[in-house]
């Protein structure tokens, strides 16, 4: 009986730690921006490419490539902008200048730790 109670306590504590880790925010910097094709706008006789902004966000351990989920008239975020973001599944969410942003994560790259050498 005591063993079951102890296991239940550990399970509850582990669950709380897991939820806290998912909602923790991370600090990063937007280091570059480019426009990429993210669809086509079709008319009766032709189609034209639709462009979305794609950014590279650098943290101490990872570089993320993020892209607008759909084309919009969203303002371009300048390079060297510091952000504090939360990752929720395959999306990066952050607030900047009073506006909420949500981007799709399209790529990640591990960053080598400072002081280590790569071959």
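The values are calculated or read from the model by the stated rules, or taken from the named source; none is laboratory data. Worth saying up front: this structure is predicted, and the values here are computed from it rather than measured. Virtual Cβ from ideal backbone geometry, glycine too; neighbours counted across all protein chains shown.
Observations on the structure shown:
- So residue 89, is it modelled with pLDDT under 95, within 13 Å of the chain's Cα centre (by Cα) and on the phi > 0 side of the Ramachandran plot: yes
- Looking only at the range 65-86, and only at residues there that are within 15 Å of the chain's Cα centre (by Cα) and surrounded by fewer than 14 Cβ atoms within 10 Å (Cβ to Cβ), the one that is nearest to residue 24 (Cα to Cα): 84
- Residues considered: 100, 80. Of these, the only one that is modelled with pLDDT of 90 or more, on the phi > 0 side of the Ramachandran plot and out of contact with any helix residue (DSSP H, G or I) (no Cβ under 8 Å at 6 or more places or on another chain) is 80.
- Of all residues in the range 87-102, none satisfies the criterion of being outside any strand (DSSP E or B) and surrounded by 12 or more Cβ atoms within 10 Å (Cβ to Cβ).
- One residue alone among 118, 53 is modelled with pLDDT under 95, assigned to a strand (DSSP E or B) and over 12 Å from the mean Cα position of the chain (by Cα), and that residue is 53.
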